[in-house]
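Before any comments, here is the structure.
The values are calculated or read from the model by the stated rules, or taken from the named source; none is laboratory data. Fair warning: this is a prediction, and the values are worked out from it, not measured in the lab. Here the Cβ positions follow ideal geometry from the backbone for every residue, glycine too, while neighbour counts run over all protein chains shown. We work out accessible area using only protein heavy atoms, side chains counted, and drop any ligands, DNA or RNA first. Shrake-Rupley method; radii C 1.70, N 1.55, O 1.52, S 1.80 Å.
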Amino acid sequence: MEFQSCVKIINEWDIVAARQLGRNVAKELGFGTVDQARITTAISELARNIYLYAGQGSVSIEKLNINGKSGLKIIAEDQGPGIEDIRRVMEDGYTTSGGLGAGLPGAKRLMDDFDIESIPGEGTKIIATKWLR
Amino acid sequence: MEFQSCVKIINEWDIVAARQLGRNVAKELGFGTVDQARITTAISELARNIYLYAGQGSVSIEKLNINGKSGLKIIAEDQGPGIEDIRRVMEDGYTTSGGLGAGLPGAKRLMDDFDIESIPGEGTKIIATKWLR
Amino acid sequence: MDIRENMEKKYHEALSTYLKDQNEQALYQGQKISRLHIKYNISPEEIISMHKNNLMELYPELPGKVLDSFDFLLEVMMGYGIAYREHQSLRHQQQELKTEIEIAANVQHTLLETEIPDIKALEIGAISVPARQMNGDYYHFVQDENERIGVGIADVIGKGIPAALCMSMIKYAMDSLPEHRHEPNSVLESLNRVVEHNVDPSMFITMFYGLYDPHDRQFSYASAGHEPGFYYDAATGTFSDLDAKGLLLGVDKKTRYRQYEKTVNRGDMIILLSDGVTECRTNDGFIERETLIGLIRKNMHLQAQEMVNNIYKQLEKMQNFQLRDDFTLIILKSNV
Amino acid sequence: MDIRENMEKKYHEALSTYLKDQNEQALYQGQKISRLHIKYNISPEEIISMHKNNLMELYPELPGKVLDSFDFLLEVMMGYGIAYREHQSLRHQQQELKTEIEIAANVQHTLLETEIPDIKALEIGAISVPARQMNGDYYHFVQDENERIGVGIADVIGKGIPAALCMSMIKYAMDSLPEHRHEPNSVLESLNRVVEHNVDPSMFITMFYGLYDPHDRQFSYASAGHEPGFYYDAATGTFSDLDAKGLLLGVDKKTRYRQYEKTVNRGDMIILLSDGVTECRTNDGFIERETLIGLIRKNMHLQAQEMVNNIYKQLEKMQNFQLRDDFTLIILKSNV
Ligand SMILES: [Mn+2]
Ligand SMILES: [Mn+2]
Ligand SMILES: [Mn+2]
Ligand SMILES: [Mn+2]
């Protein structure tokens, strides 16, 4: 790990700070503008998910360099209520429903890898990665 | 009926002529640019459908004025092979499939009314209308 | 050159052509580009980015703010980009589900198959068409050792997969009726117990069961709340309702059914149907039972199977090829 | 002000703010606008049009060609607009289908319900979980007048709705077996005839049937190509496969099944399962039957029902909560 940076998500403006952090790192790593926007949107959705459903948590951004491949990793963590039925939350049709946030499936679609771990009552940890092509 | 104008569809460039005709009439009737583009796209799909599947046919454009409501009617006719299973052709999922043309369901979505009559072996007639709001 | 670069090049060419001469031809190229980009999964936010790059190249002296405005547009387009990606995957899922239901419909078709008895005394026609892919109507013929012919027609309240699942039960229940007990009232009574025992209390089934005995030309029948059929009396040339009273299957396990009798004369017809036939909705509203009688009369000169086929086709057309309910029609025509 | 005007106004405000000061805060507003526009069904081609109108207003001296370029962009966006509209309607359809399948799964649940017999000699635990919503596995208990307990477990080759439909047949066929004919080989032989007769030749069913007689503690069993269960011998503390040979149901209507016998001693266990239990795929590949035996041992101190529940939970977790096949596990534990 070369670099990790973290934003606490407590109020809505922290979402903007997390976006800014992600966009800066993406730019530094050499991602193009479209990919910058995708990464930023994914961060935004994850941070918003924390803000709306967990109350508070954190978003960390990590630069990756594995076997010569560069990438950006987002880690979104909270100690909120957790997700009872992960399969259901990740289902299609939730993404753009009700306008209440493209949410997790949307973020997943914008990134290359997406892992979610959640224990009801204990919290949720999401790790999403995008590789530089 | 105030006005009717017709383009024969024999080769691909006739599709362009049908589009042009439709766009002009739409403009005259006072449709905004977005609706002009929608009407033109619908005409394009219908004309293309004739060109690809029936070989030849015609697209007519009619100005409507019913109870003070203005509108534009597209009539696409051919004596081609006709459609065996209309229900299936109009199903979702056909629209953007294979890139082989947004086709009929796409055209339907862009217009207000859409009627299709087809007799296998005899031909197809499609009437689509858009009302000025 | 990879696909994306190729798409960028095509976009550039078509846009340049359009800017040279803003004609319809060039816009038609735009539509073709759109189709091509979708085919290669280029998402809408990429289109915005391509557009911006092209403008920068074509008009180097463009105000910086105009270029900035594209960054905002791209941000707004991201939501549409997500919806677009979801659309691709939904389409795939939908296709899979459809295939699964199609297979299930085939399985159902094999499961529910019934052979139409071939006897001289009676000409029989039967058709059953589901409104969606799976059928919640069912008909069944059986011939016993005394040449008596049993005919059952049933309709689950509801359509689609749940109804089809229920109906498979009726089929097995009928299959396992003892051979010697085909009296209509006792058939309905035993099926009623099966339904009451196995099916969710919110599911009901209507059913009509009739038994024709070629030796004395008696038709005995009973109904569990099923849509009444018609009886055609050849001697007078008139149609009447084939009324029969009885509670739906599955309401009360102790229900008893009354049995009715009719002597069938040469040329008489027994017409059995599900409510999908009478509740056929045309542009002028639901058809009347009179309309149906008219249709039957018009086709009476045909063979029983041709009759039901023709009547179905005519009713299908009258409702613009959109069945609102499963459709089942059976005609028994006496030759003796 | 109608929704569209309201959306235009919001777009205008957010874009103007962004152009004043290109910061992340303003782009975040862009994302919110995106969500809002999608909520109100504004299609992507309208966004392009709004953007153009805004630029015209903000920069009246913009080169005409730049404005023209938006007409081209709008044309390209039309294809995405159609896909977007299709997406809205697909989502709706998908929701309806899901609801229908959910109802069907409930109907199936009621249809297939079986009561676990309560006798002193035997402690019984059973669990059956479908991989998708509908179950293509089935188990069935029956107790005859001599207190003998019949247990059947079956698996249709295949999953989902078609499998579920097939399975409903087995259930009725079992229900209508004559009370006095629960010998495992004759049960399989008569079910085999039902399957052969009613089911499409491409559909097969594997099944295991066992009969336990508490009076002589004999367990007799037969198998139609079903995944072998386990037998736990309490005296030696060892597990062995409950092997039995036999052809799948539905292959040949004349198939005969061989019947096997075992004397069940105190503390012995009979473990029956479907291949969904053994074909559980973890990150390290399929589990071994050894792993399963390990799990059973670990839970052996529990009540039979708790055992099967726990084993299911542990296997579910091992395969990341993604069942690849329907899962059915039954444990019979002798108390005498
Ligand atoms: Mn029904
Ligand atoms: Mn009905
Ligand atoms: Mn199976
Ligand atoms: Mn299996």
Cα-projected label distance for C:Lys313 with D:Asp252, points at 7 Å along beta-carbon direction, nm: 4.6 nm
Of the chymotrypsin sites (Phe, Trp or Tyr not before Pro) in the stretch C:262-336, those whose Cβ has at most 14 other Cβ within 10 Å and which sit in DSSP loop: C:Phe321
Projected-area average for chain D over all orientations - Cα convex hull basis, square nanometres: 25.5 nm²
Whole-number percent relative contact order across chain A, with pairs defined as alpha carbons under 8 Å at least 6 apart: 26 percent
Those residues of the stretch D:11-30 for which accessible area with every protein chain present is at least 30 Å² below the isolated value (1.4 Å probe): D:Tyr11, D:Tyr18, D:Leu19, D:Gln22, D:Glu24, D:Gln25, D:Leu27, D:Tyr28, D:Gly30
Taking all pairs of distinct alpha-carbon atoms in the stretch C:297-336, Kirkwood radius in angstrom: 11.2 Å
Lys/Arg +1, Asp/Glu -1 at C-beta; the stretch B:3-131 dipole; positive extreme among B:Asn24, B:Phe3, B:Leu104: B:Asn24
Debye equation applied to the C-alpha atoms of the stretch D:1-140, log10 I(q)/I(0) at 0.09, 0.14, 0.21 Å⁻¹: -0.53, -0.80, -1.30
Extreme residue, positive dipole direction of the protein assembly as shown, given options A:Gly55, D:Asn185, C:Thr114 (C-beta unit charges): A:Gly55
Residues in the stretch C:84-125 occluded by at least 50 Å² - accessible area, probe radius 1.4 Å, against chain by itself: C:Arg85, C:Glu86, C:His87, C:Leu90, C:Arg91, C:Gln94, C:Leu97, C:Lys98, C:Glu100, C:Val107, C:Thr110, C:Leu111
Rg(Cα)/(2.2 N^0.38 Å) for the protein assembly as shown, N = residue count: 1.14
5 angstrom amide H check on D:Gln143, placed H, neighbours 5+ away: D:Gly150
Ranked order, D:Phe239, A:Phe3, C:Phe70 - accessible area, probe 1.4 Å, largest first: A:Phe3, D:Phe239, C:Phe70
Label point distance in nm, B:Glu84-B:Glu117, each placed 7 Å from Cα along Cα→Cβ: 2.4 nm
Cα-centre dipole for the stretch C:208-270 with unit charges at Cβ (Lys and Arg positive, Asp and Glu negative), debye to 20: 300 debye
C:Ile38 accessible area, 1.4 Å probe, all protein chains in place, Å² to nearest 10: 20 Å²
Residue-by-residue Karplus 3J(HN,Hα) for the stretch C:228-238, coefficients 6.51, -1.76, 1.60, Hz, glycine and proline x: x, x, 10, 10, 9, 9, 5, 4, 9, x, 10
Where only alpha carbons of the stretch B:3-131 are counted, the Rg and the Dmax (Å): 13.8, 42
Estimated dipole of the protein assembly as shown in Debye, rounded to 20 [Cβ of Lys and Arg +1, of Asp and Glu -1, Cα centre]: 1680 debye
Test item: Cα-centred dipole of the stretch B:3-131, Lys/Arg +1 and Asp/Glu -1 on Cβ, debye: 480 debye
Equivalent-ellipsoid semi-axes of the stretch C:137-272, from the Cα gyration tensor, Å, largest first: 26, 16, 13
Estimated vicinal HN-Hα couplings, Hz - the stretch D:274-279 in sequence order (Karplus 6.51, -1.76, 1.60; Gly, Pro = x): 9, 5, x, 7, 7, 8
Sequence of A:Cys6, D:Cys280 from largest to smallest accessible area, 1.4 Å probe: A:Cys6, D:Cys280
Residue order for D:Asp213, C:Asp118, C:Asp252 - accessible surface, 1.4 angstrom probe, largest first: C:Asp118, C:Asp252, D:Asp213
Surface accessible to a 1.4 Å probe, per residue, for the residues of the protein assembly as shown, Å²: 43 Å²
Amide H contacts under 5 Å for D:Ala224, placed H, 5+ residues apart: D:Met207, D:Phe208, D:Tyr209
Between the stretch C:1-54 and the stretch B:1-54, the Cα center-to-center distance that results, in Å: 21 Å
Span from the the stretch D:276-336 Cα centroid across to the the stretch C:158-190 one, whole angstrom: 38 Å
In nm, spacing of pseudo-spin labels at A:Ser5 and A:Tyr53 (7 Å Cα→C-beta vector): 2.8 nm
Interface size D-C, as summed buried accessible area [1.4 Å probe, Å², nearest 100]: 6400 Å²
C:Asp275 accessible area, 1.4 Å probe, all protein chains in place, Å² to nearest 10: 40 Å²
MRE, 222 nm, helices only [DSSP H, n ≥ 4, -39500 (n - 2.57), over the protein assembly as shown, to nearest 500]: -14500 deg cm²/dmol
A:Arg48 accessible area, 1.4 Å probe, all protein chains in place, Å² to nearest 10: 30 Å²
